[in-house]
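Novice: Have a look at the structure that comes next, please.
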Amino acid sequence: MIRSILVALDDTEGAQRARDLAIAFARHTGAALTMATFLDWPHARDAHEAVPPGAAAFKERRDAARSKRLEEEAEAAFAACAAAAGNTPFTRLRLVDAPEPALLAAGAAHDIVVIGRDSTLGLEDCPDGLAPVIEALLHDGARPLLVVPPGPAPVTGKVLVAYDGSIPAMRAVQLFALLGLGLDLQLRVISVAATRADATQMAEIAAGYLRNHDFDVEAVGVEGSHPVDALVAEAAAMPARLLVMGAYEHSGLRTLFTGSATRRLLLSAPCPVFVAH
């Protein structure tokens, strides 16, 4: 069962939704909450930046202004978190490294990392709506992610589980089951293959595993070769309250879990996504 949750805080809408969802999970499961902000001193105080003659004073003032802004944003995020959490306790964590190494290190001490899809985490840019640190966390991190989109998330409905028989998909299903995040919810496993019979057979494998862990689950097979489109359509039609998926696989019809397809699904999913590599 889940024991600890790490949440990446900032002022983006997705991060605020992620914070609220993590608080709800903590209340439901009893897991300990850690709320992290990012000061990103390596970029705010870039000691290796080339400075033209006479510009040292300007750089010093600029770095001081950046640092002050990051400190103020961190305090505002903690204050908003305290207001949202009410009497639910949480631990404050002020991370001073760049977001990627900071989250990789801190995430290793927790069961799951919860992050807003559009999080900027200090000085990072997020031009396409997907936080740059997410790919690094999936590729190099030790823990699954819960990626939360901006906007209101469905509070009712089934959990949609994407399954293609790959190792990442197996790992995602196993971690979701062992963490016990959806034991009181209904699950729908969906697989996409060249024929409906093959897809249904594949979905039943994951469904059987989840039933062995006491989940209420149905298996659905979809004929086709565009799994991202099928999953997004299914998640929207249900509507799904959560999507469970693996990441990065490269064989046959398992195109869902290539890097580019993973990005497309994370960007298009209408609900939070539990994802593991």
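Novice: Only one of ARG188, ARG254 is at pLDDT 95 or above, outside the structural domain of VAL133 (by TED's automatic domain parsing) and farther than 28 Å from THR120 by Cβ. Can you tell me which?
Specialist: Within the list ARG188, ARG254, the selection yields ARG188.
Novice: Here's another thing I want to ask about it. List pairs: first residue in segment 161-177 and modelled with pLDDT of 95 or more, second residue of a type in the set (Lys, Arg) anywhere in the structure, Cβ distance under 8 angstrom, at least six positions apart or on different chains.
Specialist: VAL161/ARG188
Novice: Right, GLY107: surrounded by 14 or more Cβ atoms within 10 Å (Cβ to Cβ), modelled with pLDDT of 95 or more and either closer than 17 Å to ARG17 by Cβ or hydroxyl-bearing (Ser, Thr, Tyr) (or both) or not?
Specialist: In short, no.
Novice: Still on this model: With the checklist (1) buried (at least 22 other Cβ atoms within 10 Å of the Cβ); (2) in the same structural domain as ASP20 (by TED's automatic domain parsing) in hand, flag the one item HIS139 doesn't pass.
Specialist: The single condition HIS139 does not satisfy is (1).
Yes/no per residue for (1) surrounded by fewer than 17 Cβ atoms within 10 Å (Cβ to Cβ); (2) at pLDDT 90 or above; (3) under 17 Å from GLY107 (Cα atoms):
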residue	(1), (2), (3)
SER4	yes, yes, yes
ALA18	no, yes, yes
ALA36	no, yes, yes
ASP40	no, no, yes
ALA56	yes, no, no
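The values are calculated or read from the model by the stated rules, or taken from the named source; none is laboratory data. Because the structure is a prediction, the values reported are computed rather than measured. In this analysis, Cβ positions are derived from the backbone assuming ideal geometry, glycine residues included, and neighbour counts consider all displayed protein chains.
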